[in-house]
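Read the figures in this text as sums done on the coordinates, not as results from a lab. Just so we're clear, the structure is a prediction, and the values are computed from it rather than from any experiment. Using ideal geometry, Cβ is built from the backbone for each residue, glycine included, and neighbour counts are taken over all protein chains shown.
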Amino acid sequence: MRFATVVCALTFAAAGFGDTLTLRNGQVVNGTYMGGTARTVKMEVGDAIKTYDVSDIATLQFTPGSTASSTGKEQKAPAASKTPGRI
């Protein structure tokens with residue numbers, strides 16, 4: 001069941017900021033989720049990238065990353081071309 005939960009979380013997660021990994025031994029790791037496989041999870045912790053086995057993980061929580069609008073710099077979509085089409 002835990003394996004399915006972790007795999008599901010990995011499927012829907014994008015790289016975020018301030019992600020929290022809780023291990024079964026109670027250790028809490030705060031860092032940035034960097035990806036993984038069906039058996040491992042990679043977290044950037046400080047200047048190092050650490051790999052954790054899925055069987056050692058109790059929970060993995062993702063914090064949404066900042067968006068362009070939250071930084072005050074909104075991006076506008078390019079205007080549609082108004083060139084008339086050929087008949």
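Observations on the model:
- Paramagnetic reach from residue 53 (point 7 Å along Cα→Cβ, amide N under 19 Å) across region 18-42: 21-29, 36-42
- Net charge of neighbours whose Cβ lies under 12 Å from the Cβ of residue 21, counting Lys and Arg as +1 and Asp and Glu as -1: -1
- Here the extension length gained between residue 45 and residue 63 equals 5.0 nm, from 0.36 nm per residue of separation less the Cα-Cα distance.
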